[in-house]
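Every number in this text was worked out from the coordinates using simple rules, so none of it is lab data. The structure displayed is predicted, hence computed values, not measured ones. Neighbour counts run over all protein chains shown; Cβ positions are idealised from the backbone, glycine included.
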Amino acid sequence: MLRRATIDDIEDIYNLNTELFLVLNNLKENIYNPIGFPKEYIKASIMSNDTDYILVEDDDKIVGYALIEKRESPYKEYPSFKEDSFAFIYELIVLPEYRLKGYGKSIIDEAYKWAKERNLTSIELNVLENNYNARAFYERVGFEEYQIKLRKEVK
């Protein structure tokens, strides 16, 4: 079952978020700490009109979620850029034991409906280049590369 988060879900979201950051820390320990976002941040996101947690439940247990936000082009006041309102998925996780059951795709489908309801033009997200399973999943559900972000360490 899919649903939007409420204040009562903060603890479960925090626990899943911590699981996500453990994975991210394993992939890029120089960038990510193995701790979840503060519960105050999660609460503020739930209360915001432009942000939602899309939750997926299995037997009344939250087993995955996506955090989605409405965004505007930061450069829209410049004539070189077209105006753009889009959805951005900050994070998406499905617990490993619940993967390959269609839950991730259901979350993406719900995110698509969320964006469409708000007349947004697209959905964007970031994925680490070495997170091969996530990249393959996003490509399977229709995401395409459109921009590449590069990084160089300063030591």
For the chain, the charge dipole (Cβ of Lys, Arg +1; Cβ of Asp, Glu -1; about the Cα centre) points to a positive end, and the Cα of Gly36, Tyr146, Ile13 closest to that extreme belongs to Tyr146
Note the direction-averaged projected area, equal to a quarter of the hull surface, for the Cα convex hull of the chain, in nm².
10.7 nm²
Low-density loop positions, chymotrypsin sites (Phe, Trp or Tyr not before Pro), the stretch 90-155 - DSSP coil, at most 13 other Cβ in 10 Å:
Tyr146
Under a 10 Å cutoff between Cα atoms, tell me which one of Pro96, Pro34, Pro79 has the largest fluctuation in the Gaussian network model of the chain.
Pro79
13 Å beta-carbon shell around Ile93, net charge (K/R +1, D/E -1):
-3
Please list, by residue number, every one of the GluC sites (Glu not before Pro) in the stretch 117-150 that is coil in DSSP and has at most 15 other beta-carbon atoms within 10 Å.
Glu129, Glu144, Glu145
Cleavage-rule hits, GluC sites (Glu not before Pro), the stretch 7-63, DSSP coil, Cβ neighbours within 10 Å at most 14:
Glu29
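Under a Cβ-Cβ cut-off of 9 Å, what is the net charge of the residues other than Ile10 that fall near it, where Lys and Arg count +1 and Asp and Glu count -1?
-2
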Among Tyr112, Asn26, Met47, whose Cα projects farthest towards the positive end of the dipole of the chain, with charges put on the beta-carbon of Lys, Arg (+1) and Asp, Glu (-1)?
Asn26
Could you give the length gained on full extension between Glu117 and Glu97, defined as 0.36 nm per residue of separation minus the Cα-Cα distance, in nm?
4.0 nm
Quick one: grab the alpha carbon gyration tensor of the stretch 89-151, order the square roots of its eigenvalues as a ≥ b ≥ c, and give me rounded if a/c is under 1.5, else prolate or oblate depending on whether a/b is larger than b/c.
oblate
